[in-house]
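What follows is one structure encoded as structure tokens, with my remarks underneath.
Computed from the coordinates by the stated procedures, all read-outs in this text should not be read as laboratory data. The structure presented is a predicted model; accordingly, all values stated were derived computationally and were not measured.
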Amino acid sequence: MAVPRQRDDAAEPPRASLRRIFTQGVIVNLLNPKTLIFFAAFLPQFVDPALGS
């Protein structure tokens, strides 16, 4: 019975920087309509209209 061996020269994908990963996450969440609906429903209860802008 042959046991497959791991290749030592297997190519690893390039590592992405934490900044790039964070930026991609923000962009995905901004373009996600469910996220927009959640924030539109959730955040207004914490905003005091008497304080203004």
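Here is how the numbers come out for the structure above:
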| item | result |
| --- | --- |
| Added length on full extension, which subtracts the Cα-Cα distance from 0.36 nm per residue, Ile27 to Val47 | 4.8 nm |
| Segment 27-43 - phi-based ³J(HN,Hα) in whole Hz, Karplus 6.51/-1.76/1.60, Gly and Pro as x | 4, 4, 5, 5, 8, 7, x, 5, 5, 4, 5, 4, 5, 5, 8, 8, 6 |
